[in-house]
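See below for the structure under consideration.
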Amino acid sequence: MRASRFFISTQKEAPADADVASQALMLRAGMIRKLAAGLYTYMPLGLRSLRKVEAIVREEMNRAGGIELLMPIVQPAELWQETGRWDKFGPELLRIKDRHERDFIVQPTSEEVVTDIARGELRSWRQLPVNFYHIQTKFRDERRPRFGVMRAREFTMKDAYSFDRDRDAAQRSYEAMYQAYQRIFERFGFEFRAVAADSGAIGGSLSHEFHVIADTGEDAIAYCPESDYAANLEKAEALPLLQQRGAPGRPLERTPTPGAAKCEDVAEQLRIPLQSTVKSVVLAVDGDAGTQLVLLLVRGDHAVNEVKVGKLAGLEESRMATEQEIVEWFGCRPGFIGPIGTARAPRVIADRTVAHMHDFVVGANVPDFHYTGVNWGRDLPEPEVADIRNVVEGDPSPDGRGRLAMCRGIEVGHVFYLGTKYSVAMQANYIDEAGKPQPLEMGCYGIGITRILGACIEQNHDERGMIWPDALAPFQVVVCPIGMDRSPQVREAADALLDELLGAGFDAVLDDRGLRPGPMFADWELIGVPHRLVVSERGLAAGTLEYQHRRDSAASSVARGEVLPLLRARAQH
């Protein structure tokens, strides 16, 4: 490839509305151009990297037994109504009507369509297992699209769907996809973690997310440095920090705490550790018999985990209680509420650590007062106990092999075991050996193809620009000739070097645009090509070229005959 025959359009400055480094750098390098909020055109440079992502994903999916097809972007509403997701998915689902006023959606995912295929095509146990996948455009009408290609409204995704005869077979398919994902992200050259995750809107009972580790990641990840344990914050189990409850040592007293509506203020006024206070969070559950309030209790330095709470029996459809409801049930405005002396009896759920506390402090349901010396059993009934909090740095690891650490991650892949959630709803059955219909067991496996690019840049960039791994770089090697327009020797040597690189299998580009060295080098550093070879008259006279990896602080001289061995040694495979 010659740069003069390609399209390179770099910019010195990024738009002021760029949220993160990857968005700014992709725009500056001319990899993408913004069309509207969350909508991007992939320019030639960006498309080259995107196709490389797709190629690696496709190779590993085929290696793992996946069978590629291509499902439509627009889907009929009837399929989504069968599963109930037409109503449940929310405003992110773009609903449209055709000229006949029939309802359709622009797909955010394809569970319904692939299940419809399965119920029409997979009739016998002899046809199983099957794993269909496609790489297709998706659309989610994000309220506030941001972070460039990482949270765009239109994006490309690889989604795969496995169909099996029973749970054991489905979990073998799940494990095959898990291992395929490990290989994919290793080939990308990422630092990543596979973490236990919540299944979210897709559903299912077994789920792992694959996260690229980056400080700008939206997701908090809890992991154990001494083991393989890792989970996102929504899923990470919070063990009790107290092994057993101590005996009461103080009397119950109603203590003045003027203006102290937060646990931090209470602890400061009473000159006690924050860990001796208990925070009250009130939810409401609406039902046929009226509204029931639920009081959640976590330690003062902890936070309630809404996802965990939403999985507790009876709290699947809970919401935050209004101030009016809180006053009605507790006789007091928020900030001073607690489980003792409520006007009406709420359901009380204590976190595991709170259930082991003694002589703690809670709101007294009277403005500017808290109870001190509170103890379970003596001052209030034993609570319902559940894991309802977020883990924090230093918590014991659930696998018992150390303490948890925290990092940030960008989700780039997700694998779900769905079970029969969709097959039962859509009556997707197969006939077993006994001639009886059985629901298909399903798995779902997604990779954000376009998101991969943004995540890669967030993990690999510096003040000069992007630093692509070899596998995803728009070009692997750039040949930069100095004085090519005035030196036939340099031109001939550069042309010969390009042919040699291409013949050896390197994806190389020759910058024949006639730029001065400074602007030429700056362009390729911004674009992030991993390997740069400089051809000059001085080097040719000495029989050398100048080589610099994008991560190197300085260039080095290399003998002309050692170029290919050096590149093979430095290239990532």
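In this structure, the residue pairs whose Cα-Cα separation is over 18 Å, taken from 138/158; 34/97; 158/311, are 34/97; 158/311.
How would segment 377-464 be classified by its alpha-carbon gyration tensor: rounded, prolate or oblate, with rounded meaning a/c under 1.5 and the a/b versus b/c comparison settling the rest? Note, shape of segment 377-464 comes out oblate. Working from Cα pairs under 8 Å separated by at least six residues, relative contact order for the chain is 17 percent. In summary, the aspartates and glutamates within cross-link reach of residue 436, defined as a Cα separation below 18 angstrom excluding same-chain residues under 8 places away, comprise 121, 164, 166. If both residues of a DSSP beta bridge must be in the chain, then about 80% of such bridges are antiparallel. Tell me the relative contact order for segment 475-570 as a rounded percent, counting alpha carbon contacts under 8 Å between residues six or more apart. Relative contact order, segment 475-570: 29 percent. In the chain, the longest principal axis of the Cα atoms and the axis of helix 44-63 are about 70 degrees apart.
Pull out a ≥ b ≥ c, the square roots of the eigenvalues of the alpha-carbon gyration tensor of segment 93-217, then state rounded if a/c is under 1.5, prolate if not and a/b is larger than b/c, and oblate in the remaining case. Here segment 93-217 falls in the oblate category. What is the angle, in °, between the Cα long axis of helix 167-187 and the longest principal axis of the Cα atoms in the chain? Nearest 10 is fine, range 0 to 90. Approximately 50 degrees, to the nearest ten. In the chain, the DSSP-assigned H stretches of four residues or longer account for a calculated mean residue ellipticity at 222 nm of -7500 deg cm²/dmol, using -39500 (n - 2.57) per stretch and the full residue count as denominator.
First check a/c for segment 477-573, with a ≥ b ≥ c the square roots of the eigenvalues of its C-alpha gyration tensor; if it is under 1.5, answer rounded, and if not, answer prolate when a/b is larger than b/c or oblate otherwise. Rounded shape, in that the Cα axes give a/c under 1.5. Neighbour counts of other Cβ atoms within 10 Å put 262, 308 in the fewest-to-most order 262, 308. Each DSSP beta bridge with both residues in segment 475-570 is either parallel or antiparallel, and the antiparallel ones are about 50%. Our analysis of the chain gives Rg over Rh at 1.07, with the two radii drawn from alpha carbon positions and Rh computed by the Kirkwood formula.
Phi-derived couplings, Karplus 6.51 cos²θ - 1.76 cosθ + 1.60 at θ = phi - 60°, listed residue by residue for segment 331-344: x, 7, 6, x, x, 10, 8, x, x, 9, x, 7, 5, 10 Hz, with x used for Gly and Pro.
Taking Cα atoms only, the orientation of helix 111-121 departs from the longest principal axis of the chain by about 80 degrees. Neighbour counts of other Cβ atoms within 10 Å put 149, 391 in the fewest-to-most order 391, 149. Relative to the Cα centre, the charge distribution of segment 253-386, modelled as +1 at Lys and Arg Cβ and -1 at Asp and Glu Cβ, gives a dipole magnitude of about 220 debye. Around the amide H of residue 300, modelled in the peptide plane, lie the amide H atoms of 277, 278, 279, all under 5 Å away and 5 or more residues distant in sequence or on another chain. The fewest-to-most ranking of 43, 31, 466, 406 by surrounding Cβ atoms within 10 Å reads 406, 43, 466, 31. Taken about its Cα centre, the chain carries a charge dipole of about 860 debye when Lys and Arg each add +1 at the Cβ and Asp and Glu each add -1 at the Cβ.
Name the residue farthest towards the positive end of the dipole of segment 1-61 from the options 10, 40, 22, assuming +1 on Cβ of Lys and Arg, -1 on Cβ of Asp and Glu, about the Cα centre. Toward the positive end, the furthest listed residue is 10.
Read-outs throughout are calculated quantities, based only on the coordinates presented, and are distinct from any laboratory measurement. Keep in mind that what you see is a predicted model, and the values were worked out from it rather than measured. Here the Cβ is made from the backbone with ideal geometry for all residues, glycine too, and neighbour counts use every protein chain on show.
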